[in-house]
Structures are given as structure tokens and as C-alpha cells.
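> One structure coming up, written as C-alpha cells, with questions to follow.
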Amino acid sequence: MADTHAPALSPLAGKPVPPAVLVTHVMVTKGNVCQYYPDRKCTSDKGIDFKFPQDAFNKYLASLHQSAELKDYQSLIPTN
């Protein structure tokens, strides 16, 4: 497993940090809990069936890139 605390602690060690850190989030359910916690059993329950609204999110990001109020923060806004 990656050290997820490294970016947060890097400034304390005098190390450079990126302007943004993107994290892939996973929804842990009864059906996949054993993949993340080996001491737990998975069930046949599918849990949550979620489809991320990628098109709507891309439109939202595009609107953020057009915002004059955010002109100084463009490098922090994902491009897709």
C-alpha cells in the first residue's frame, strides 16, 4: 500500500510538494470489503451500483476553467 501521508508530511521535512494530489476513492461495500480488509468476509450482496456522471463532471470542470474568479487556481483544476 502506498504511503498516503507522504504529501501531507513532506513540507515538515522540507521536501517539495505538488500543487494538487488526486486520490482514487473506492466505495467499500459488503460485496468487496474482503478486497480491502482480508480479515472480513465478502457477501454475495452487490452493494451499491453507482455510475459516476463523467459527462456532467467534465462540463463542471470546463465551467471552472472559464471562471474569472478562479484564474489564479487553474493549475489545481483537473483538465478532465
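Just so it is clear, none of the values below were taken in a lab; they were calculated from the coordinates. Keep in mind that this is a model prediction, so the values were computed, not measured. Ideal geometry is used to build each Cβ from the backbone, glycine not excepted, and the neighbour counts take in all protein chains shown.
> Measuring from centroid to centroid over Cα atoms, what is the spacing of region 7-45 and region 49-80 in Å?
Each part reduced to its Cα centre gives a spacing of 23 Å.
> Which of Val21, Ser44, Asn58 sits farthest toward the positive end of the charge dipole of region 17-58, with +1 on the Cβ of Lys and Arg and -1 on the Cβ of Asp and Glu?
Of the listed residues, the answer is Ser44.
> So what is the relative contact order for region 22-76, in percent, with contacts set as C-alpha pairs under 8 Å and at least six apart?
Numbers: 27 pairs, mean separation 11.7, N = 55.
In percent, rounded to a whole number, it is 21.
> Shifting gears a bit: What is the distance, in nm, between label points placed 7 Å from the Cα along the Cα-to-Cβ direction at Arg40 and at Asp72?
Calculated label separation equals 4.2 nm.
> Kirkwood-based Rg over Rh for the chain (C-alpha set), two decimals?
Values: Rg = 18.2 Å, Rh = 16.4 Å.
On the Cα set of the chain, Rg over Rh gives 1.11.
> Rounding to the nearest 20 debye, state how big the charge dipole of region 22-76 is about its Cα centre with +1 on each Lys and Arg Cβ and -1 on each Asp and Glu Cβ.
Numbers: 7 positive and 6 negative charges, 49 e Å.
Using only the charged Cβ atoms, the result is roughly 240 debye.
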